[in-house]
Amino acid sequence: MPAYEVTVYHSKELFACTVNNVYIKLVGEKGESEDTRLSKDSCFIGKESYCTINCHDSIGNLLLIEIQKKSFFLEDKWFPEKNRSQSSQWKNLQLPNVHLDY
């Protein structure tokens, strides 16, 4: 069972933290992971959040890291500064963040 380590770096901007749930999904050439929740207590200004994403099968080369903030209380302005991912297939891969505001 492949495991992927993801680190999300939170912005240092004022009011950039969140009280909402943040989920990560990895999308690769051979498939995608399930949504995995980042640790709830570490989404603070300038901090890092970590999670391990376990997949049943390899997802192949990483195409994108989907980061979703699901509001349950208040809408806030949280946005990650950057992210990193690593596994046995790749080391310290960093993909750009794209902010889609609907």
- Within region 1-35: backbone nitrogen closer than 11 Å to the Lys82 label point (7 Å, Cα to C-beta): 9
- How far, in nm, would the chain grow between Thr52 and Ser71 when pulled straight, counting 0.36 nm per residue and subtracting the alpha carbon separation? 4.6 nm
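Starting from the Kirkwood Rh over alpha-carbon pairs, what translational D in µm² s⁻¹ does region 3-86 have by Stokes-Einstein at 20 °C and 1.002 mPa s?
Numbers: Rh = 13.1 Å.
Stokes-Einstein gives a translational diffusion coefficient of 163 µm²/s.
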- Message: Taking the alpha-carbon distance from Lys82 and a cut-off under 16 Å, which aspartates and glutamates remain once sequence neighbours fewer than 8 residues away in the same chain are dropped?
- Response: Glu5, Glu13, Glu48, Glu66
- Item | Distant-in-sequence amide H partners of Glu81 (H built 1.01 Å from N, under 5 Å) | Tyr9, His10, Ser11
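How much length would be gained if the chain were fully extended between Glu13 and Arg37, taking 0.36 nm per residue of separation minus their Cα-Cα distance, in nm to one decimal? It would help to have the intermediate numbers written out before the result.
Numbers: separation 24, 0.36 × 24 = 8.64 nm, distance 2.26 nm.
Gain in length upon complete extension: 6.4 nm.
The numbers here are math on the coordinates, done by the rules we state, and not lab data. Just so you know, these numbers come straight off a predicted model, no measurement behind them. Cβ coordinates were reconstructed from backbone atoms using ideal geometry, including for glycine residues, and neighbour counts include every protein chain displayed.
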